[in-house]
1. Relative contact order for the range 479-629: what is it in percent, counting Cα pairs under 8 Å that are at least 6 residues apart?
2. Give a quick list of trypsin sites (Lys or Arg not before Pro) in the range 438-533 that DSSP marks as loop, anything other than H, G, I, E or B, with at most 13 other Cβ atoms within 10 Å.
3. Would you please give the residues with an amide H less than 5 Å from that of Tyr214, counting only those at least 5 places away or on a separate chain, with H modeled from the backbone geometry?
4. Using 1/(1 + (r/R0)^6) with R0 = 35 angstrom and r between the beta carbons of Thr190 and Ser105, what's the FRET efficiency to the nearest 0.05?
5. So what's the net charge close to Arg187: Lys and Arg +1, Asp and Glu -1, counting the other residues with Cβ under 10 Å from its Cβ?
6. Among residues other than Asn274 whose Cβ falls under 12 Å from its Cβ, what is the net charge (Lys/Arg +1, Asp/Glu -1)?
7. By the scheme Lys and Arg +1, Asp and Glu -1, what is the net charge of all other residues having a beta-carbon under 14 Å from that of Met477?
8. How are the C-alpha pair distances of the range 479-629 spread across 5 Å bins, as whole percents from the shortest bin up?
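Coordinate-derived values only; no laboratory data. Just so we're clear, the structure is a prediction, and the values are computed from it rather than from any experiment. All Cβ positions, glycine included, derive from the backbone under ideal geometry; neighbour counts span all protein chains shown.
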Amino acid sequence: MVASSLARRVSKQAVNTNSAASQIANVVDYESQLTSATKKTEFNPNPLIPLTALARDDSPEVAHKAIWALHRAWVKILSDGHLVPSSAGGHAEAVKGKSSKEDKSPEAAAAVVQKWLMDRLREYQDILVGFLHDSEPSLRKSATTLLFSLLPPLSLSLSNQVGKPVISMPHVSQLLQAFLHESYSARGATLLKKASTSKDSSNSRYSIVEENQYRYRGEVEAELLPADVADEIARKLADYDDLRWAFFRELSTYLQNLTESGETSTVQPAVTANILAILLPLNNLPKEADDINNFYFQHLSTSPLGKGKKSKSNSSKRNPAGTGSGQDWMAYYESSDDDGSDDDENKIVIDSKTGKKRKRGKAAGQHKKVKKSILGQVWSVESHVRLFTDCWLGVLNLPLTVHETRAILLVLHSTIFPNMVKGRVVRMTDWLSTLCDRGGPLALLSLNGLYVLMTSYNLEYPHFYRQLYNLMDREVMHVKYRARFFRLSETFLASTHLPAAMIASFVKRLARLALSAPPAAIIMIIPFIYNLLKRHSSCMCMLQRDADDADSKDTYDEYEKDPMNTHALDSSLWELKSLQRHYLSHVATMSKVFQEVFTKPEFQMEDFLDHGYATLFETEMKRKLRNPPALALEVEGKVDAFPLAKAGAEVEGHDEDIGVATGDVVQELWVFGEA
């Protein structure tokens, strides 16, 4: 039985191998038929049908071979001019008037062929989109590469049609939609008996094979992009400036449409996750015109200013309107990216010709927005920055999970703020302040973003330190982000120009929390308080004030939320003296630093932020003891740890026979009677 089943299995594998080899031979034959035509009249597009069918073969080798063959065939078709895409994303418009059935002219026949070829191209693209969620990693990677590789020939063909270098933005939009929404692999799929409408994806007309779908944690995942696909997409967009610009433009348009239609709350969580998986790694935006130097579309690699000329980035030195070449295509972004332009337009000036009052923006030709070409926008640093800003402001309107919000906050100050339009960065204030009001770990990270806005972008947020003060509670001393809290708080309170009453409130709050905090947190609190007192000598009176006086009363109001009204400066730091008798020797030793003269330099907080129970225990184990403590009392003879009560023995001072009187109350408690 075993031998026969093994033989059948081997024979089945041999048949599959032979079948795959024959199918691969057919792929090569169909590709040769499509690419061997040298004249336009010899072109026969019919092999596209069986070759596309082979791309849905159940064998990964056959499907892989077929999609690459189709790619080479479509590049040949587009380069030879057999298919001319339109700016609307479809085929070239057919001759208007008579229907294609009635019109027998060559133009109508050519339009029918164009439409048929575009349908076959969309079918091929749908297959590639489905392979993004295939179980075979090599198919996922090839599908991602081929989807991008179709854009240059499509854009070049469209550029030749319109007579100027452009990007096929409708196909970029289709590609973006494919990355964001769910799809299923069509490998091994069979055609359904009930065909769907022509508006649906071609893959929806096929029954999928569940074994060929991408799985995440054991279940089929058709919505979230696989990690390797998201990494490949982000790498492509990071490497090529023009491709990244096209992606930013379509994504910003997509998000703007969602916001205007009020559909942001209905966006699926997977869509938001896919957007962030692609957008978060993109942090290498051009800062100057020279940084725009890597192009995916080679027909856009020539600057609109001509050879040897460089466009000037948005700086304080601007050329006056009408001087130099290329000023018309730069005028739009030079005038619209600065938020101050609106104020200038509203100023009242006197017209030199008519002598009448008018708004400055009403002057003829003044602040006139000139629509730039795609080539000009790709070469404009301001265009890249503006679209990047639009994308992130649109993302903040989407429903975000705690994990996604945390991922954004972690890179907010280092990646997002520096690459945004400076005048629009402060628009994130409402989002950050809302997160801050909610409390928790996100509040601390949002405070970091607000602090950057205050110090670098002149944001006025008067309740910043009040929010920080209210975040200091018992919970923060026990959470895993405790080290980050102290690291950021050290930055927030580093200024020596803060009011002494405010600093005294922070010092007193931390000292009070140290009484109930774990030892690892106290190790951070002590040097933190020392640094604050070192910077603000006016708070030293809190240490010098005698707290042992019977008539003294602690004036500190721990329930007050405003750090300016807690009366901490009139209080004393008796909590630090209590720490000198802490059970852990490290804490007791460190707390004695407040009894010494403040001549030591400030502590480096990084040396104390990594301490935990593990490090404290390891340090205690390695510590050398000068006088080892006595572990046990050496006695001669046998000692009965739990003696039994002797019958008839009376304890002095007791009427009952309960045991032997020793005079030690604790020992008497451990004397038991016989069972």
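1. 30
2. Those that pass, being in a loop and sparsely packed, are Arg474, Lys480.
3. Asp134, Ser135, Ser185, Glu221
4. On the way: r = 40 Å, r/R0 = 1.13.
About 0.30, to the nearest 0.05.
5. -4
6. Numbers: positive: none; negative: Glu182, Glu221, Glu223, Glu404.
Cβ neighbours under 12 Å give a net charge of -4.
7. On the way: positive: Arg474, Lys480, Arg482, Arg484, Arg509, Arg512; negative: Asp473, Glu475, Glu575.
Charge balance in the 14 Å sphere: +3.
8. Computed distribution, short to long bins: 1, 9, 18, 21, 22, 15, 8, 4, 2, 1, 0.
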